[in-house]
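Just below is one structure, and these are the notes that go with it.
Read the figures in this text as sums done on the coordinates, not as results from a lab. This one's a predicted model, so the numbers in the text were calculated from it and none came from an experiment. Because the Cβ atoms are built from the backbone with ideal geometry, glycine has one as well, and the counts that use them run over all protein chains shown.
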Amino acid sequence: MLGEYRIAGRRAAEIAASVEQAVGSGELSPGQLLPPLRELAQQLEVNPNTVAAAYRTLRDRGVIETAGRRGSRVRARPASTSREAIGVDAPPGVVDVSRGNPDVALLPPLGEVLAEAAARNARRPALYGDAPISAELAEQARAAFAADGVPDGPIAVTSGALDAIERVLAAHLRPGDAVAVEDPGWGSVLDLIPALGLRAVPVAVDDDGPLPQDVECALRQGARALVVTCRAQNPTGAAVTGPRADSIRSVLESHPEVVLIEDDHGHGIVDLPLHPLAGSSARWALVRSTAKAYGPDLRLAVLTGDPVTIDRVRGRLRLGPGWVSHLLQDVVVQLWRSGAVDTAAVAAAYGARRDSLVRALRERGIAAHGRSGINVWVPVADETGAVARLLQSGWAVAPGARFRMSSPPGVRVTVSTLSDDDIGPVADALASAAGPAPSVRYG
C-alpha cells in the first residue's frame, strides 16, 4: 500500500508529521491510499484514537482526504503545493501571455495619490484605537454597492479578494465541510479550500456563469457554501447574466442555510452590469478588490454582507492584522473620487483584444471563450502537448490544470498585452496546438 515508506510516531502529532514529511519529499505520492486506522494503530502499537487524531490533523491541513469506507488518501494536490507551480517559464524571445496581469498602460499613476495619502497621514496619523475602516471609504463603497443593486449591509476591508473569501469561509465553515466552486475556476480558491480543511465540489460554468443544475446538485450533495465570480471569471471570462442570476437565486432560496460568496474582482474593468445574487441566502458576502483596476500590489478589497458575517470577519481581523493600512484606504478613496480609471475605456480596450482573439480562433475552427475581463479560455485535446507546442511557437500560456478539477482540458491566454499584430500569430499557434476540440462542455 505504501511501498517502501513506513509511517512512524507514537503521538498523533508525530504520526501526522511523518505522513506530511513523506508527502513533501515525494515518498508518498498524490492519490496514495493510507492504511486503515486500526491497521496502522496495530503497526505502531498505539491506540486507534491516536491514529484517528493524526488523520484528522492531516485532513484539516489539506494533506489527505477521507472518504469513509473507501479510506484516506493523499490529496491529488496537497494544500502545500500551490497551483501557481503548474506553469511554464517563458525563455527569452517567448511572449508570456500566462500571468493574468492587467495591462500596466491601463493602470492609473499612483505617485500623486500616494503622496497625498502620506501628507494626510502626517497631518493626522492613524493610531491604535482608531476606527479600522475609513468613514470615507465605507461611504463610497456603500454607495457603489447600492448603485449596483447590492442589498444594504455593513462594510469590511481586507487585504485583497482571496483574503476576504478565506475569512468568510472560516467565519462559517469547519474542516470537512464542502464548498461548491466553479470548474474551471480561480486556482487560488481551489488551493484555499483544501488548505482550510474544506472539500471542493465542482460546479460547471458556461459564458453566462455557473450552471444552475450543477449548483443544485452540489447543494444537494451537502455543500455549505457557494463561491461565484460575478464578472471577468478566471479563467473563462464568464459573466453572470440577469436570467442566470434569477435561476441561481431560485436554487439558493431552497437552501437558505448555504453561505454565498460573490467575487466581483472585475469591478472597474468591466462594463457589463452586475447581477448580484446577494439576498437569496441568509449568510452572504460580496467582495470587490482593487487589483485589476489599480494594480495587483494595491492590496485592498471591500466587502459587504449580512451583519453576522461581516461582524465575524471584522472580529477576526481585529485579532490578526487589526486593519488594512489607512494609507492604502486613503489612496483608494482618492482614486474612486477622481475617477482615475475610465471603466468604459478600459473595458473597451480589453474587450477589443478578447473579441479579436476569440473571433480569430473561431475562424480557425476553435470555439474559445472570453465574454469579459482579461482572459480567453481555449479548449484543447491534450493540455500538456498544447502548452509545449505553443512554447515552441513562441507563446507561453497558462496550463488549464491550474484552474480545473474535473472539467475538460484547456489553456488560458491573458490578452492584456496583446497588440493587433499579435492576434493572427497567436491564433495560428493556438489553432495548431489545440488539436480536435473536446466534445463536452468546458465547464
Value of relative contact order over segment 111-338, rounded to a whole percent, pairs C-alpha under 8 Å and six or more apart: 26 percent
Segment 368-374 - phi-based ³J(HN,Hα) in whole Hz, Karplus 6.51/-1.76/1.60, Gly and Pro as x: 8, 10, x, 7, 7, x, 10
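Show that you can apply the helix-only estimate: for the chain, add -39,500 (n - 2.57) for every DSSP H stretch of four or more residues, divide by all residues, and state [θ] at 222 nm to the nearest 500.
Numbers: 15 runs with 178 residues, N = 443.
That calculation yields -12500 deg cm²/dmol at 222 nm.
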For segment 111-338: rounded, prolate or oblate by the Cα gyration tensor [a/c cutoff 1.5]: prolate
Largest-first ellipsoid semi-axes for segment 254-367, taking √(5λ) over the Cα gyration tensor eigenvalues, angstrom: 31, 22, 12
Alpha-carbon centroid distance for the pair segment 379-422 / segment 292-306, whole angstrom: 27 Å
For the chain, with +1 on Lys and Arg beta carbons and -1 on Asp and Glu, the positive-most of Ala170, Gln21, Ala225 along the dipole: Gln21
Average Cα contact separation per residue, the chain, under 8 Å, 6 or more apart, as relative contact order %: 18 percent
Residue among Gly351, Gly100, Gly322 with the largest mean-square fluctuation in a Gaussian network model of the chain, springs linking Cα atoms under 10 Å: Gly322
Only Lys, Arg (+1) and Asp, Glu (-1) charged, at Cβ; segment 289-443 dipole about Cα centre in debye: 540 debye
Farthest positive-ward along segment 111-338 dipole, Cα basis, beta-carbon charges - from Val270, Leu300, Gly187: Leu300
Dipole of segment 12-74, positive end: most advanced residue of Leu37, Gly71, Ala54 [Cβ charges, Cα centre]: Gly71
Scattering profile of the chain at q = 0.13 Å⁻¹ [log10 I(q)/I(0), Debye over alpha-carbon scatterers]: -1.21
Scattering curve values for segment 12-74, log₁₀ I(q)/I(0), Debye with Cα scatterers, q = 0.14, 0.16, 0.17, 0.26 Å⁻¹: -0.33, -0.44, -0.50, -1.21
About the Cα centre, charge dipole magnitude for the chain (Lys/Arg +1, Asp/Glu -1 at Cβ), debye: 1220 debye
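I need Thr57, Thr229, Thr290, Thr66 ordered by Cβ neighbour count within 10 Å, fewest first. Provide the component values of the computation, followed by the final result.
Values: Thr57 20, Thr229 29, Thr290 25, Thr66 15.
Taking fewest neighbouring Cβ atoms as first place, the list is Thr66, Thr57, Thr290, Thr229.
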Residues with amide H under 5 Å from that of Asp306, placed H, sequence gap 5 or more: Trp284
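In which sequence would Cys217, Cys230 go, from the one with the fewest C-beta neighbours within 10 Å to the one with the most?
Numbers: Cys217 17, Cys230 29.
Ascending number of Cβ neighbours within 10 Å: Cys217, Cys230.
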Cα-centred dipole magnitude for segment 111-338, charges only on beta-carbon of K, R (+1) and D, E (-1), debye, nearest 20: 780 debye
Orientation-averaged projected area, Cα convex hull of segment 305-391 (nm²): 10.5 nm²
Antiparallel content of DSSP bridges confined to the chain, in %, to 5: 50 percent
Choice from Ser338, Ser407, Ser98 with maximal GNM fluctuation in the chain (Cα, 10 Å cutoff): Ser338
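Could you put Asp263, Asp421 in order, starting from the residue whose Cβ has the fewest other Cβ atoms within 10 Å?
On the way: Asp263 29, Asp421 7.
The order, fewest Cβ neighbours first, is Asp421, Asp263.
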